[in-house]
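Peer 1: Below you will find the structure I want to go over with you.
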Number of protein chains: 2
Amino acid sequence: MLDTQARTILRVHDGISQEVVDDIVVEEPLEIRVNNESIGVTMRTPGDDFDLAVGLLWTEGLIRSADEIGTIAYCPDEEQPELKNIVNVTLIESTRRFVPGRKTWASSSCGLCGKATIESIRASVLPVRSEARIERQVAGDLPRRMRERQTNFQRTGGIHAAGLFETSGGLLLIREDLGRHNAVDKTLGAALKAAVPAVDAVLMVSGRLGFEIAQKAAAAGIPIVASVSAPSSLAVELAADLGITAVGFVRDGSMNIYSHPERILNGISKYPA
Amino acid sequence: MLDTQARTILRVHDGISQEVVDDIVVEEPLEIRVNNESIGVTMRTPGDDFDLAVGLLWTEGLIRSADEIGTIAYCPDEEQPELKNIVNVTLIESTRRFVPGRKTWASSSCGLCGKATIESIRASVLPVRSEARIERQVAGDLPRRMRERQTNFQRTGGIHAAGLFETSGGLLLIREDLGRHNAVDKTLGAALKAAVPAVDAVLMVSGRLGFEIAQKAAAAGIPIVASVSAPSSLAVELAADLGITAVGFVRDGSMNIYSHPERILNGISKYPA
């Protein structure tokens with residue numbers, strides 16, 4: 001159950017205004033520290049914060065396995081000890097890959113061009129090698145299955161989800177957040193902590209399939225990424241380069257397959273237009 | 001016209017797969033420099049890059065008026081001079097407020113709690129003082145008016161827009177980007193460059209109304225922010241604190257008013273539930 005805030009608002013419908021109490025999704029900053037050194041702040045919906053911290057360290061390449069994690073704990077804010085908006089992750093000394101001085105994960109792209117950005121990721125992420133296959137009908141049904149398990153969307157109307165599914169369609173994990181990227185990091189962090197093998201899994205996201213989503217999937221070794229919405233050019237290029245099946249506009253059994261269609265069974269036949 | 005990329009994809013519909021050529025929205029990194037010093041990289045859809053750079057400097061508090069801007073130009077990448085992914089903004093020396101060492105705009109929140117985050121913004125942003133009023137019917141029609149002018153959405157199905165409207169409903173400016181925040185920065189940057197008075201304007205956004213959107217509106221002095229989707233708790237708190245009317249779920253004439261309803265005419269009457 002994610003945090004929501006009850007608030008009195010004015011609802012206008014059919015020309016009539018009335019005060020109602022509405023559930024609004026909570027947004028609070030989370031500061032993530034590694035070995036007590038701050039590496040950045042993300043605005044997130046409170047809940048599953050340890051998953052978020054672990055997922056973000058993983059998808060940003062600061063850790064590569066759960067074995068590298070020592071402890072995860074909230075740091076008390078001295079002035080307001082009841083707040084839980086700082087998480088500290090200690091890394092096992094012998095395996096730590098963390099580079100002090102890396103102050104943010106927001107600028108993982110190099111700034112020069114998309115190709116160079118992809119090159120810099122290829123330097124640190126291996127292409128996905130996976131024999132995973134999914135039936136087209138199963139893939140088309142993933143949005144419905146995810147929506148069924150989204151506990152917060154109905155109440156707030158404004159929360160993203162990321163789900164990790166088996167290729168048979170079974171739900172492995174789902175996490176929610178008002179931010180698409182946070183939802184993915186929470187889900188992948190939970191998977192790393194629970195030793196769920198991402199290499200056989202399908203990542204379903206409720207929003208767009210942008211570059212950063214593809215980057216996170218690549219870092220986690222996910223072979224199939226599906227979205228209810230549109231991908232970006234750079235997301236498709238990264239997926240194509242790294243062996244990831246990118247699927248967009250998954251709605252009512254229809255979908256667009258942008259890269260590596262061989263993993264979608266019954267999806268690779270061609271008919272003349 | 002924003003950049004799109006034609007790409008052959010596999011479209012699955014009614015159980016039939018066929019290869020089609022699809023328009024995909026382009027995503028490329030943009031590095032922004034101030035006085036030749038890099039302040040960060042944002043993933044954006046190419047187009048209106050100078051608006052984006054100016055808007056981002058404005059909404060992040062690095063400039064407060066167009067007078068502070070000297071020149072805006074693309075920097076050639078020495079290896080690939082045809083690329084236009086670096087923009088340099090020189091600021092007028094006498095007014096420059098830029099603090100070297102500020103490496104990113106991603107962590108504008110303080111990391112401790114939402115209240116502290118809002119306090120830190122209040123320290124630099126004045127409350128909005130505006131007599132702007134908008135008829136409820138006009139507000140309810142803004143999504144349709146914006147969609148009519150969105151040139152890229154139909155082709156790609158995946159692009160956000162931000163529009164600046166007069167309270168009479170007239171469109172002042174619209175900009176598109178695959179990122180919600182970029183679309184807002186492009187629109188506000190264009191407004192600053194063209195001396196459009198934001199204090200009488202309505203900002204309409206195609207996505208969620210999160211904290212950063214509210215923060216950008218506050219920095220620009222926008223009195224009314226409307227969204228087709230849900231707001232976050234922190235966005236509503238910031239809007240309430242800074243005198244901004246926050247409206248969400250604007251759809252088919254219905255809407256939710258979260259703060260300062262006095263600016264929505266015919267929207268402040270109350271009926272028992």
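The values are calculated or read from the model by the stated rules, or taken from the named source; none is laboratory data. Note that this is a predicted model, so its numbers are computed, not measured. Cβ coordinates were reconstructed from backbone atoms using ideal geometry, including for glycine residues, and neighbour counts include every protein chain displayed. Side chains included, ligands, DNA and RNA excluded: accessible areas come from the protein's heavy atoms. Shrake-Rupley method; radii C 1.70, N 1.55, O 1.52, S 1.80 Å.
Peer 1: With respect to the numbered conditions (1) modelled with pLDDT of 90 or more; (2) touching a Lys or Arg at 6+ places or on another chain (Cβ under 8 Å), which one is the sole condition not fulfilled by A:Thr45?
Peer 2: Condition not satisfied by A:Thr45: (2).
Peer 1: Still on this model: Taking the stretch A:70-127 as the search range and keeping residues that are at pLDDT 85 or above and among the small types (Gly, Ala, Ser), which one is farthest from A:Trp58 (Cα to Cα)?
Peer 2: Filtering first and then ranking leaves A:Ala73.
Peer 1: Could you tell me which residue of the stretch A:166-181 is farthest from the other protein chains (Cβ to nearest Cβ), considering only residues that are open to solvent by 10 Å² or more (accessible area, probe 1.4 Å) and within 13 Å of the chain's Cα centre (by Cα)?
Peer 2: A:Leu173
Peer 1: Also, I was wondering about something else. Can you pull out every residue in the stretch B:5-29 that is more than 7 Å from chain A (Cβ to nearest Cβ) and in contact with a helix residue (DSSP H, G or I) (Cβ under 6 Å, 6 or more places away or on another chain)?
Peer 2: If the condition is that a residue be more than 7 Å from chain A (Cβ to nearest Cβ) and in contact with a helix residue (DSSP H, G or I) (Cβ under 6 Å, 6 or more places away or on another chain), then B:Asp23 is the only one that fits.
Peer 1: Right, another one. If I filter the stretch B:155-165 for residues that are touching an Asp or Glu at 6+ places or on another chain (Cβ under 9 Å), among the small types (Gly, Ala, Ser), within 16 Å of B:Leu57 (Cβ to Cβ) and more than 14 Å from chain A (Cβ to nearest Cβ), do I get at least one hit?
Peer 2: Scanning the stretch B:155-165, I find no residue that is touching an Asp or Glu at 6+ places or on another chain (Cβ under 9 Å), among the small types (Gly, Ala, Ser), within 16 Å of B:Leu57 (Cβ to Cβ) and more than 14 Å from chain A (Cβ to nearest Cβ), so the answer is no.
Peer 1: Which residue is surrounded by the fewest Cβ atoms within 10 Å (Cβ to Cβ), if the candidates are limited to the stretch A:228-246 and must be part of a strand (DSSP E or B) and at the interface with chain B (Cβ under 9 Å from one of its Cβ atoms)?
Peer 2: Within the stretch A:228-246, the match that is surrounded by the fewest Cβ atoms within 10 Å (Cβ to Cβ) is A:Ser232.
Here's the yes/no breakdown for (1) open to solvent by less than 10 Å² (accessible area, probe 1.4 Å); (2) polar (S, T, N, Q); (3) facing chain B (nearest Cβ under 9 Å):
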| position | (1), (2), (3) |
| --- | --- |
| A:Ala194 | no, no, no |
| A:Val199 | no, no, no |
| A:Ala219 | no, no, no |
| A:Ile222 | yes, no, no |
| A:Arg251 | no, no, no |
| A:Glu262 | no, no, no |
| A:Asn266 | no, yes, yes |
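Peer 1: Quick one: would you say A:Ala217 is in contact with a strand residue (DSSP E or B) (Cβ under 6 Å, 6 or more places away or on another chain) and farther than 23 Å from A:Thr151 by Cβ?
Peer 2: yes
Peer 1: Looking at B:Ser168, is it at pLDDT 95 or above and of a type in the set (S, T, N, Q)?
Peer 2: Yes, satisfied.
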